[in-house]
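I have placed the structure first, in the form of structure tokens, so that the comments after it can refer back to it.
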Amino acid sequence: MHKELLVLGLLLSGPMSGYDLHRIVVAHGELYADLKKANVYYLLERLASEGALHVVAEAGARGPRRERLVYALTSKGCERFGDLLRRVVRTYEVAHTGIEVGMVFLSYLSPTEAVALLEERRQTVMARRKLVDRESHHLHEQLAQDHLLSLMDAELAWIERSLRRLREQEKTAIAPDHPNRCPGS
């Protein structure tokens, strides 16, 4: 939902090609990090087929087709943007990253390895946090960055609590919880 909102929102400033949209996404770094190039083109095609975008082929582009497709919002697209914006701001959805599933099966690793992996995760989150924590001049970008930073801070706090608990277990561990490990592990 938020990826669609992003594409529609970027097109509010005027017609653009998929390449132009992708350049904007890349320029915003971590703020738009989960919108990959393939997502941009997929969403443009889908939104155009649903009537939210109008597509014009412009001649003279490089590449095998010798044309570039330029996308513009239709009235249906503007309406869809407004609906999505309101829904995203008012609702809360838990973002599942996969770590929850990993924690369920963590007992298949030694406590020492589990600690090492979580320490590595902490370093990764801290590095990503540094990328997001840069000065922004626009209030709304600051709000978006603050939300991302808050999520990362919560992740770091969770990692610290988990590391403390795992280190306690590591001190008292006698035998692995699951002796039946996968072959080769």
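Only the coordinates and a few stated rules stand behind these numbers; no lab work does. Quantities reported herein were computed from a predicted structural model and do not represent experimental measurements. Cβ placement follows ideal geometry from the backbone for every residue including glycine, while neighbour counts extend to all protein chains displayed.
Per-residue ellipticity at 222 nm computed for the chain from its helices equals -20000 deg cm²/dmol, with DSSP H segments shorter than 4 residues left out and the rest contributing -39,500 (n - 2.57).
Highest mobility in the GNM of the chain, judged by mean-square fluctuation with C-alpha springs under 10 Å and restricted to VAL94, VAL132, VAL26, is found for VAL94. In segment 99-172, if every C-alpha pair distance is counted and binned at 10 Å from zero, what percent goes to each bin? Percent of Cα pairs in each bin: 18, 42, 23, 13, 4, 0. At q = 0.19 Å⁻¹ the log10 of I(q)/I(0) for the chain amounts to -1.26, computed by Debye summation with a single uniform scatterer per C-alpha, solvent ignored. Against the main long axis of the alpha-carbon atoms of the chain, helix 2-11 sits at an angle near 30°. With N counted as the residues of segment 2-90, its alpha-carbon radius of gyration over 2.2 N^0.38 Å works out to 1.07.
Please build a GNM for the chain, connecting alpha carbons under 10 Å apart, and tell me which residue among TYR92, TYR19, TYR41 fluctuates the most. The residue with the greatest mean-square fluctuation here is TYR92. Rounded to the nearest 20, the Cβ-based charge dipole of the chain about its Cα centre (Lys and Arg +1, Asp and Glu -1) stands at 360 debye.
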